[in-house]
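These notes concern the structure reproduced below.
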Amino acid sequence: MTPCSQIRQRWWPGLKRRCSGSRSARLGDSRGASIAELALLLPILLLMLIGLIDFGRAYYLSTEVSAAASAGGLYGCQTTTTAQDTTGIKAAATAAAPNVSGMTVPTVSVACQCSGSSGSVSCSSPGCSSSSHVIEWLTVGTSATYKPLFPYPGIPSSITLAGQATLRVGQP
């Protein structure tokens, strides 16, 4: 009696399968199964990784565009004179986001209101009462266009990223 048949008779008397010396014959031939599984799953995993990288790029650029609006607003809100310097505000915003190509600063505006009032008034002749003073608000808007690396279903081919900052202008 072979050692394999002795084991079969002692431990598995109902086993009808033929005993062989190789392990793969006893367990069933599973060679190459893991490579086949990898070949099926690898394209899906790569697409997920590329999508994650693309989403990270979009998030980074969106943060940069918003930070550029804040930087332009911080430059402009120092005094009433710098609030009128649109060239300096645009330069400060553009310098704050050097990694964003094609960023524009389409909105630079100043709005005025009387203290203690919620409505806006003209900045040149505010007409505030003697007990109130003029408060100036500077709004800076930035925008950039983001194009994903690959076309994704349901996502447009280009996305406009926008940032806006509204700050109170300091009084001299």
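Details
- Candidates Gly170, Gly116, Gly163, Gly141: the one that is within 26 Å of Ala68 (Cα to Cα), out of contact with any strand residue (DSSP E or B) (no Cβ under 6 Å at 6 or more places or on another chain) and not aromatic (Phe, Trp, Tyr) is Gly170.
- Cβ pairs under 8 Å, 6+ apart, first in region 53-70 and under 16 Å from Ser143 (Cβ atoms), second β-branched (Val, Ile, Thr) and in a helix (DSSP H, G or I): Ala68/Thr94
- Tyr75 passes every criterion in (1) in contact (Cβ under 8 Å) with a residue 40 or more places away in the chain; (2) more than 21 Å from Lys147 (Cα to Cα) apart from (1).
- Subset of region 126-147 [among the aromatic types (Phe, Trp, Tyr) and under 13 Å from Gln164 (Cβ atoms)]: Trp137
- Close pairs (7 angstrom Cβ cut-off, 6 or more residues apart or separate chains): free of Cβ contacts under 8 Å to residues at least 12 places away in the same chain in region 143-159, of a type in the set (Lys, Arg) anywhere: Ser157/Lys147
Computed from the coordinates by the stated procedures, all read-outs in this text should not be read as laboratory data. Model, not experiment: these values are computed from the prediction. A quick note on method: Cβ atoms are made from the backbone with ideal geometry, for glycine too, and the neighbour counts reach across all protein chains shown.
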